[in-house]
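The values are calculated or read from the model by the stated rules, or taken from the named source; none is laboratory data. On a predicted model such as this, the values are computed, not experimentally measured, just so you know. Here the Cβ positions follow ideal geometry from the backbone for every residue, glycine too, while neighbour counts run over all protein chains shown.
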Amino acid sequence: MSSQLYARYVPPSKKKTPAIAPEATETATPIPSAVSPPPPVTRHDASSSYARYIPPSKTKTKSQPAVLLPESNEGRESPSAAKRKREDVIPAEQKPKKSRKSSERKESRLPSPEPMDVDKPDTSSDENSASANAPSKKTNVEDSDTDLEADKKHKKVLEKREKSLRKAEKFAKKAAKKSKDEGEPEEIEAAPEEPAEIHDLVPLPQPEPKPELPAQPATASLPPWLATPIRVSPTATASFSELGIEEDVEKSLQSKGFKEAFAVQAAVLPLVLPGPKQQPGDVLVQAATGSGKTLSYVLPMIQDISKSTTTRLRGLIVMPTRELVAQAQEVCETCAIAYGGSRKRARIGTAVGNHALKVEQAALMDQEMRYDPQRYKEHQRKLDAKWESSDVETDGEDDMLCDDESFPTLLDHVLEPTPKVDILICTPGRLVDHLKSTPGFSLEYVKWLVVDEADKLLGQSFQQWLETVMGSFKPASRQSPLRKIILSATMTRDIGQLNSLRLQRPKFVMLEGDAGRDGDEADQTSQAHVLPSLLVESTIKIENDGDKPIYLLELLKSKIMTPRKDSSKANSTSSDDTSSDDDSDDDTSSDDDSSESSASDASDTSSDDDDSTSSEDDSSDEESTKTSNVPLAKTTEHSPRGVLIFTKSNETAVRLGRLLALMEPAYATSIGTLTSTTRNSARKAALNAFLAGKLSILVASDLVSRGLDLPNLAHVVNYDIPTSVTSYVHRVGRTARAGKEGFAWTLLGSTEARWFWHEIARSAAIERPSKNKVGRLNMDAKTFNDEVKERYAEALEKLGQEASVTKRKDKSVV
Ligand SMILES: Nc1ncnc2c1ncn2[C@@H]1O[C@H](COP(=O)(O)OP(=O)(O)OP(=O)(O)O)[C@@H](O)[C@H]1O
């Protein structure tokens with residue numbers, strides 16, 4: 001039993017128990033296990049001392065308040081962390097003992113384990129010997145008494161041990177507190193480690209969450225010049241003389257109908273014309289369709305060129321279609337005449353590919369005889385060499401002999417190609433053709449480059465036209481700067497595309513839609529495409545897609561082909577109607593009133609006023625009835641008239657034009673078509689007939705959706721919906737031009753309404769004049785009279801027959 005106690009008091013790990021005197025361990029080790037030790041009854045004090053110094057591991061864990069906290073966490077730590085902690089714990093345990101002087105003194109008075117161990121055998125041997133000499137019976141009784149007594153004493157010893165442990169615990173606590181208060185250096189050193197241990201228990205410290213950045217405006221990624229345009233109010237018009245245009249030129253312009261400069265012209269002209277507001281660098285212009293962008297670049301270009309004396313190619317205008325080239329040519333000629341009085345009259349040329357290249361070359365380039373003996377000799381040498389090396393009978397002989405360069409007519413003179421035009425207006429493909437194959441054609445002297453409908457042209461990689469053209473300019477210098485003017489109603493913000501224009505010190509001029517916007521609102525709308533301020537938009541829901549031509553015919557009859565007494569009646573949709581309809585995507589509901597009205601009475605269902613208006617239109621007003629089938633061509637010269645109907649393809653345009661003529665023979669002579677498959681001469685003829693008032697209905701593909709200027713065009717109809725916001729903006733922009741009013745109608749098939757309302761009608765990408773919303777015109781198919789339906793069926797049949805005849809003809813030709 002005593003051996004057990006000893007074993008408990010002297011654990012084998014001596015290194016970890018430095019509190020034990022070395023002698024004690026030395027003595028404890030050699031205790032022979034065979035020797036039965038005397039009962040430790042008389043040595044209880046000593047056992048308590050042992051207990052205090054070398055507590056068993058369990059007790060120790062419980063009785064270390066100063067270090068308990070970290071120890072209790074061991075189970076959750078990694079093994080290495082636990083080991084580190086144990087090493088830390090032991091000195092912490094010892095330190096309080098060192099600081100406890102009174103405790104030390106008391107302990108020093110206590111017998112060390114060593115003398116106890118030494119005494120014990122002695123005493124026990126005495127007792128053993130005494131008991132050995134006693135009679136055996138008595139000895140047995142005495143033994144049992146002694147055992148009981150020993151047990152009691154042992155209990156006492158254990159109690160004392162517990163007591164002393166508690167005391168030691170108290171001391172340890174006090175000492176720890178004291179040394180903390182005194183700021184003992186070791187304690188202070190150890191202190192910072194404690195929180196490190198505790199941190200293992202709590203979630204790992206995380207980095208501070210980054211505050212969310214405020215949402216960036218759409219313009220944030222743009223370069224400053226593009227993000228902060230020069231905003232121009234649509235009302236900021238000015239007289240030409242105010243802008244530095246000479247008086248005679250102004251007069252000439254006024255005689256052509258240009259009374260004063262439109263807002264976009266008033267903003268751009270001062271930037272590029274010589275004067276106090278002139279600024280170096282390139283100019284980008286975004287302004288609504290029909291706002292007068294063409295004059296804003298033609299005027300300064302012609303003014304500059306008219307100052308020169310020689311003819312050189314100084315101005316280059318690139319446009320996407322032939323029609324636009326022809327239009328720009330007209331404006332250029334007007335301005336050239338205006339400036340032509342006492343100055344050089346600028347010569348304008350075009351290149352669009354409607355003639356053979358040779359014909360165009362002859363129109364653009366001249367051959368000039370120039371005295372140059374050196375080059376003459378060189379030519380002669382080359383010519384001789386050719387004669388010597390070539391076989392006289394080769395096929396190329398004739399060409400060589402006919403080479404103009406080979407036949408200078410004068411001695412020491414050479415023929416040199418020189419440009420015939422100061423300004424070339426062209427499509428990109430044809431321009432590249434001339435750069436590659438027209439002798440002497442170069443962009444060396446070009447001072448003005450205009451790219452109109454820029455977003456469309458920059459998106460075209462046809463023949464890599466832009467790289468070819470940009471690489472053909474002479475590097476700009478102070479003496480001969482190249483100024484670029486880039487325009488569109490739907491200007492791209494694609495900086496990659498714009499960079500390919502190699503812009504120098506660019507400025508961005510933007511014509512606002514309304515009376516101007518400030519701050520955030522302006523930021524939001526800065527990338528939106530602006531619609532003309534007097535444009536009125538409406539939609540017509542088609543119940544059955546197969547009846548679409550009937551809806552179109554009814555629309556033509558009721559709203560478009562009748563002369564209007566009051567323009568506001570052409571579109572009876574009101575903003576009230578629009579806003580109420582806005583709540584639903586599908587325009588399926590129709591008022592009872594409207595369903596009762598006849599299709600030809602097609603009118604707004606939601607406005608009483610409008611109903612009355614329509615009844616007024618359809619009343620027995622004889623004049624109105626009589627003229628209902630007569631195109632608007634014969635109305636006053638300047639009042640808006642006619643309709644341009646957009647379809648999704650060339651084929652649809654041709655078919656629809658014919659179908660309309662079959663359904664309503666009265667319209668047959670008023671219908672023309674404009675498609676890319678129509679011959680150029682036929683396209684020109686159709687446009688001219690429309691402008692002359694001979695045609696009132698033009699059915700077209702998207703070919704003419706951009707830039708085409710049909711002054712006074714009253715209506716645009718999207719028979720097939722456009723494929724994009726940009727396409728819609730350009731299509732409807734064929735009307736309501738130059739400050740005039742116009743009407744855009746969009747027929748919506750059953751699957752198209754949702755897309756249209758989301759992407760076009762309510763899109764933030766389109767900026768409409770503040771009061772204008774897209775309206776709805778309700779037409780009820782049930783009210784279409786049977787005669788119309790019959791005629792439609794017959795027209796379809798006829799169309800089918802015509803198509804099969806054409807096919808047969810085509811086959812027989814093949
Ligand atoms: N100062 C002016 N006074 C009167 N009419 C003008 C003036 N400037 C231009 N116009 C007329 O306005 C119409 C539209 O001009 P223009 O074709 O230049 O518009 P645009 O902005 O280029 O349109 P789009 O983007 O559709 O090509 C033309 O008929 C033109 O003759």
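Considering only region 413-445, state which residues are assigned to a loop (DSSP other than H, G, I, E, B) and over 26 Å from residue 309 (Cα atoms). Don't jump to the end; show me each part of the working.
So in region 413-445, the residues assigned to a loop (DSSP other than H, G, I, E, B) come out as 420-422, 427, 438-445.
Of everything in region 413-445, just one residue is assigned to a loop (DSSP other than H, G, I, E, B) and over 26 Å from residue 309 (Cα atoms), namely 427.
I'd like the full set of residues that are within 12 Å of residue 669 (Cα to Cα) and part of a loop (DSSP other than H, G, I, E, B), limited to region 686-700.
To start, the set of residues in region 686-700 that are within 12 Å of residue 669 (Cα to Cα) comprises 686, 689-690, 693-698.
Selection gives 693, 694, 695, 696.
Condition check: in contact with a strand residue (DSSP E or B) (Cβ under 7 Å, 6 or more places away or on another chain) and either of a type in the set (Ser, Thr, Tyr) or surrounded by fewer than 16 Cβ atoms within 10 Å (Cβ to Cβ) (or both). Does residue 723 satisfy that? Explain how you work it out, then say what you get.
Details: in contact with a strand residue (DSSP E or B) (Cβ under 7 Å, 6 or more places away or on another chain): no; either of a type in the set (Ser, Thr, Tyr) or surrounded by fewer than 16 Cβ atoms within 10 Å (Cβ to Cβ) (or both): yes.
No, not satisfied.
Can you tell me which residues in region 441-469 are touching a strand residue (DSSP E or B) at 6+ places or on another chain (Cβ under 9 Å) and either more than 16 Å from the ligand (Cβ to nearest atom) or not assigned by the TED database to the domain that holds residue 499 (or both)?
Pass one, region 441-469, residues touching a strand residue (DSSP E or B) at 6+ places or on another chain (Cβ under 9 Å): 441-443, 445-458, 465-466, 469.
Result: 441, 442, 443, 445, 446, 447, 448, 449, 465, 466, 469.
For region 650-678, give me each residue that is in contact with a helix residue (DSSP H, G or I) (Cβ under 9 Å, 6 or more places away or on another chain) and either in a loop (DSSP other than H, G, I, E, B) or β-branched (Val, Ile, Thr) (or both).
Answer for region 650-678, where residues must be in contact with a helix residue (DSSP H, G or I) (Cβ under 9 Å, 6 or more places away or on another chain) and either in a loop (DSSP other than H, G, I, E, B) or β-branched (Val, Ile, Thr) (or both): 664, 669, 671, 673, 675, 676, 677, 678.
For residues in region 210-260 being hydroxyl-bearing (Ser, Thr, Tyr) and within 17 Å of residue 270 (Cα to Cα), which is farthest from the ligand (Cβ to nearest atom)?
The selected residue is 233.
Just wondering, is there one or more residues in region 353-363 that are in a helix (DSSP H, G or I), within 15 Å of the ligand (Cβ to nearest atom) and among the small types (Gly, Ala, Ser)? Break it down stepwise before answering.
Step one: list which residues in region 353-363 are in a helix (DSSP H, G or I), which gives 357-363.
Of the ones still in play, those that are also within 15 Å of the ligand (Cβ to nearest atom) are none.
Within region 353-363 (the criterion being in a helix (DSSP H, G or I), within 15 Å of the ligand (Cβ to nearest atom) and among the small types (Gly, Ala, Ser)), the answer is no, since none of the residues qualifies.
Which condition from (1) in contact with a strand residue (DSSP E or B) (Cβ under 9 Å, 6 or more places away or on another chain); (2) within 15 Å of the ligand (Cβ to nearest atom) is the one that residue 350 breaks?
All conditions are met except number (2).
Looking only at region 702-721, count every residue that is more than 11 Å from residue 644 (Cβ to Cβ), of a type outside the set (D, E, K, R) and away from the ligand (no atom under 15 Å from the Cβ) and tell me the total.
Restricting attention to region 702-721, the residues satisfying the condition of being more than 11 Å from residue 644 (Cβ to Cβ) are 702-703, 706-707, 709, 711-712, 720-721.
With the extra rule that they be of a type outside the set (D, E, K, R), the set shrinks to 703, 707, 711-712, 721.
From what's left, away from the ligand (no atom under 15 Å from the Cβ): 721.
Total satisfying the criteria: 1.
Go through (1) closer than 30 Å to residue 347 by Cα; (2) modelled with pLDDT under 80; (3) over 59 Å from the mean Cα position of the chain (by Cα) for residue 402 and report which single condition fails.
With respect to (1) closer than 30 Å to residue 347 by Cα; (2) modelled with pLDDT under 80; (3) over 59 Å from the mean Cα position of the chain (by Cα), residue 402 is out only on (3).
Within region 353-387, can you find the residues that are within 30 Å of residue 427 (Cβ to Cβ) and polar (S, T, N, Q)? Before the answer, list the steps.
If we filter region 353-387 for residues that are within 30 Å of residue 427 (Cβ to Cβ), which is where we start, we get 353-368.
Selection gives 354, 361, 367.
Out of 734, 754, I need the residue that is assigned by the TED database to the domain that holds residue 536, more than 16 Å from the ligand (Cβ to nearest atom) and either over 19 Å from residue 490 (Cβ atoms) or not in a helix (DSSP H, G or I) (or both). Which one? Step through it out loud before you land on a result.
On the way: 734 fails: more than 16 Å from the ligand (Cβ to nearest atom).
754 is the lone residue from the list that is assigned by the TED database to the domain that holds residue 536, more than 16 Å from the ligand (Cβ to nearest atom) and either over 19 Å from residue 490 (Cβ atoms) or not in a helix (DSSP H, G or I) (or both).
Of all residues being surrounded by fewer than 16 Cβ atoms within 10 Å (Cβ to Cβ) and in contact (Cβ under 8 Å) with a residue 24 or more places away in the chain in region 263-292, which is farthest from the ligand (Cβ to nearest atom)? Just the residue, please.
Looking at residues that are surrounded by fewer than 16 Cβ atoms within 10 Å (Cβ to Cβ) and in contact (Cβ under 8 Å) with a residue 24 or more places away in the chain, I get 280.
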